[in-house]
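As structure tokens, the structure follows; a few thoughts come after it.
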Ligand SMILES: C[S@@+](CC[C@H](N)C(=O)[O-])C[C@H]1O[C@@H](n2cnc3c(N)ncnc32)[C@H](O)[C@@H]1O
């Protein structure tokens, strides 16, 4: 299997900062946990967002992505999933937490790729605080950018998904039931 983390990887022709094995592991998370909503924190350019938006159309899910900077591929995301919410601002902001609680059915797959560790900690905590039993949060760049982070005692790592991710070494993801 090709297991490359390459900055030139593309999905739908859009440049992403993910490996293909990373997408495979996310697909496993969607199949196993059957979320009704996917909530992406940290869209970047938005290529992974486009992939997640496609899943939302295929599986009839709600999809929202939030970034402090408008994603370069926002129009592509909306072309794939007209109902996708592409929101701009701090993913920890109360307005986004409130909107998700009001509009996005559980279970949630929260996918957190929010830059440096400090931002990730804030956003992890904010969304973990409003998560319900059955919701899952995936973090990208584990164990690289999350090195030194101690998960809160109440979170439950998901051993099967994390084992798949460990096999697909470029996946760099870790999944937690929050
Ligand atoms: C590593 S990039 C995301 C890459 C993207 N997932 C991809 O596959 O292309 C991290 C993103 O997180 C965003 N970010 C950092 N802190 C944030 C916060 N508190 N709320 C929302 N977005 C944040 C940054 O603006 C940046 O675009």
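The values are calculated or read from the model by the stated rules, or taken from the named source; none is laboratory data. None of the values given here were measured: they were computed from a predicted structure. Please note: Cβ atoms are built from the backbone with ideal geometry, for glycine as well, and neighbour counts cover all protein chains shown.
Figures for the structure shown
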{"quantity": "Unmet requirement for residue 17, which otherwise passes all of (1) in a loop (DSSP other than H, G, I, E, B); (2) crowded, with 21+ Cβ neighbours inside 10 Å", "calculated": "(2)"}
{"quantity": "Conditions (1) touching a helix residue (DSSP H, G or I) at 6+ places or on another chain (Cβ under 8 Å); (2) in contact (Cβ under 8 Å) with a residue 24 or more places away in the chain; (3) closer than 15 Å to residue 38 by Cβ; number of the one not met by residue 104", "calculated": "(1)"}
{"quantity": "Residue in segment 139-153 that is crowded, with 22+ Cβ neighbours inside 10 Å, closer than 16 Å to residue 44 by Cβ and modelled with pLDDT of 90 or more present", "calculated": "no"}
{"quantity": "Leading residue by the ranking (surrounded by the most Cβ atoms within 10 Å (Cβ to Cβ)) among those in segment 20-58 that are touching a strand residue (DSSP E or B) at 6+ places or on another chain (Cβ under 8 Å) and at positive phi", "calculated": "46"}
{"quantity": "Entirely in segment 25-97, the strands (runs of 3 or more DSSP E) that have 3 or more residues that are more than 9 Å from the ligand (Cβ to nearest atom), within 13 Å of residue 109 (Cα to Cα) and touching a helix residue (DSSP H, G or I) at 6+ places or on another chain (Cβ under 9 Å)", "calculated": "37-41, 62-67"}
{"quantity": "Residues of segment 98-126 satisfying the condition of being buried (at least 17 other Cβ atoms within 10 Å of the Cβ), away from the ligand (no atom under 12 Å from the Cβ) and part of a helix (DSSP H, G or I)", "calculated": "100"}
{"quantity": "Failed criterion for residue 9 (all others in (1) within 11 Å of the ligand (Cβ to nearest atom); (2) under 21 Å from residue 104 (Cβ atoms) hold)", "calculated": "(2)"}
